[in-house]
Amino acid sequence: MKLATRIALSVTVVIPLLVLIAGLAVLGLVSRDLHSQQDARLQDRAATVLPDIRALLNADRTGRPKVEQNQHRKVLDDALDAGIELESADGTVVLSGGPQPADAARLAAETPGGPVTVRAKGHSWRMYAVQVTGQAPGTLRLFAPGTATDPQLVAVRHRVFFVALVAAPVSGLLAYALAGRATASVRRLSRRAAELDPRAGAAAFPVTPVRIAEVDELTRSIAQLLTRYDEQAARTSQALETARSFSATASHELRTPLMSMRTDLDVLAAHPGLPAEERAEIVQDLQRDHARILELLTALRMLAQGELVEVSAFAPLDLAELVDSAVGTARRSHPEAAIEAELAAEARLFGWEAGLRILVANLLTNAVVHGHQPGAPSQVRVRLTLEGPAAVLTVDDHGPGIPPAEREAVFRRFHHRPGSPGSGLGLTLVAQQAALHRGTVTVTTPPDGTGTRFELRLPLPQSDAPTLQLPSVRGWL
């Protein structure tokens, strides 16, 4: 069922009900007003006939029939169209005339609050009863038929029902026409959505306001949905590209160590009687190639995670605490190295903890492995400071240093210094994580002119800064 039809049917039902409810309320008000007018007339009649009623009762008490007859006629004339009944103090009906309830009705002796309604044999009456005081007391009752108001009430009732019957089809047709006009923009929006090419994305669905709040809100919702769809499609495409890159890179880089391992295994299989020293040397080569493969796969996995990480993985953390933990781990892993640390008390930033841990760990490992002179132990100095809106981490070593022309190349994938035991991805991971955190990493020379300094700058969160956005171009694999 169309929305316009639903609205028309609802209005067709609701409007007559509202008319009936309003009509019944008006009917009650009219009835109350008519009763008020009737009561006022009864009270006026009572005030008019009361002097003659007293004279009539006195004539009845003293036995003057002519005076009583004259007063009887005067009372009936003054009562006009109202019914009247007069009782003496002993309960004898002295006068009765005009329309009034049957004798079986229970009649009150007095109505001090004004006229009341009495019913007898299916009819209703408004009755006003007062006590006559004086030498000859009695009870005066005046009546007005309740049915006297029926013609006016019936007319109002008929008009209410007539208006309700007419309002049903008229309001339904008007509601259908107005609803059809109001939902035209929704139908246009539906056609736009149906004709949309999913490959075009949000760009093919511009938000054009029509000045109808609900339709504009729905249009914005569809546009937001398409934008999220585009983002999800981009993530999926990026994940597929990362998977292909991971596969191609791993296949290329693993070929050499796997072939070396295959050669060693063939030698062991073909010469079971090899001397123990030669066998141990081959096993050592196998272990070295296995460690290289494991290190390479671990680094590639971290690169892939950095490619696909989302903002939801970022959270507030203390870089000082993280660096202190990494320094402790490096000291335990390389007890021969001298690692000094000078850290700020606290450096709160918004980052990906796993990525920052691998960043700091790789900087320390690189300094320990390469930061020494031949035959001398490694000497590494780590310093973390806060400089304005950034946290600055420097890692200095006393190694042979890196020539300025080669400093950019150390961050490339699989860049090896001759004789380096690493996978060539450690500093690539450092550069990737620095870029993910909107920071920079540079290679310089320490102030004493010996060795190498890696300087990492990461921005601290600012209260007026926009929401974190990750780099759109990554491509580290």
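Within the stretch 93-137, being of a type in the set (Gly, Ala, Ser), out of contact with any strand residue (DSSP E or B) (no Cβ under 6 Å at 6 or more places or on another chain) and on the phi > 0 side of the Ramachandran plot holds for Gly114, Gly122, Gly134. Tell me, which residue of the stretch 8-56 that is closer than 22 Å to Val154 by Cβ and among the hydroxyl-bearing types (Ser, Thr, Tyr) is surrounded by the fewest Cβ atoms within 10 Å (Cβ to Cβ)? Ranking the candidates gives Ser36 first. The single condition from (1) surrounded by fewer than 14 Cβ atoms within 10 Å (Cβ to Cβ); (2) in a helix (DSSP H, G or I) that Met1 fails is (2).
Would you check if Arg181 is part of a helix (DSSP H, G or I) and at pLDDT below 80? Considered against the rule, which asks whether it is part of a helix (DSSP H, G or I) and at pLDDT below 80, Arg181 comes out as yes.
Taken over the stretch 260-279, the criterion of being assigned to a helix (DSSP H, G or I), surrounded by 11 or more Cβ atoms within 10 Å (Cβ to Cβ) and free of Cβ contacts under 8 Å to residues at least 24 places away in the same chain is satisfied by Arg262, Thr263, Leu265, Val267, Leu268, Glu278, Arg279.
Check the stretch 66-85 and report whether any residue there is on the phi < 0 side of the Ramachandran plot, touching a residue at least 60 places away in the same chain (Cβ under 8 Å), acidic (Asp, Glu) and not in a loop (DSSP other than H, G, I, E, B). No, the conditions are met nowhere in the stretch 66-85. Selection of the stretch 86-119 for residues being in a loop (DSSP other than H, G, I, E, B) and free of Cβ contacts under 8 Å to residues at least 24 places away in the same chain yields Asp90, Gly91, Thr92, Ala102, Asp103, Ala104, Ala105, Arg106, Ala108, Thr111, Pro112, Gly113.
Has the stretch 193-207 got any residue that is within 23 Å of Leu3 (Cα to Cα), at pLDDT 75 or above, of a type outside the set (D, E, K, R) and in a helix (DSSP H, G or I)? Within the stretch 193-207 (the criterion being within 23 Å of Leu3 (Cα to Cα), at pLDDT 75 or above, of a type outside the set (D, E, K, R) and in a helix (DSSP H, G or I)), the answer is yes, since at least one residue qualifies. Suppose the filter is in a helix (DSSP H, G or I), at pLDDT below 75 and among the β-branched types (Val, Ile, Thr); does Thr298 pass it? Yes: the conditions hold for Thr298.
Evaluating Arg32 against the criteria (1) among the charged types (D, E, K, R); (2) in a strand (DSSP E or B); (3) free of Cβ contacts under 8 Å to residues at least 24 places away in the same chain leaves one unmet condition, (2). For the stretch 120-158, the set of residues classified as free of Cβ contacts under 8 Å to residues at least 24 places away in the same chain and either β-branched (Val, Ile, Thr) or surrounded by fewer than 19 Cβ atoms within 10 Å (Cβ to Cβ) (or both) consists of Ala120, Lys121, Gly122, Ser124, Gln131, Thr133, Asp150, Pro151, Val154, Ala155, His158, listed by residue number. Filtered by the rule that a residue be modelled with pLDDT under 90 and basic (Lys, Arg), the stretch 333-366 gives a lone residue, Arg357.
Within the stretch 231-240, the presence of a residue that is modelled with pLDDT of 70 or more and surrounded by 14 or more Cβ atoms within 10 Å (Cβ to Cβ) is excluded. Only residues that are within 20 Å of Leu458 (Cα to Cα) and either within 45 Å of the chain's Cα centre (by Cα) or in a strand (DSSP E or B) (or both) were counted across the stretch 328-372, and they come to 23.
The values are calculated or read from the model by the stated rules, or taken from the named source; none is laboratory data. Just so you know, these numbers come straight off a predicted model, no measurement behind them. Counting neighbours? That spans all protein chains shown, and the Cβs are built from the backbone with ideal geometry, glycine included.
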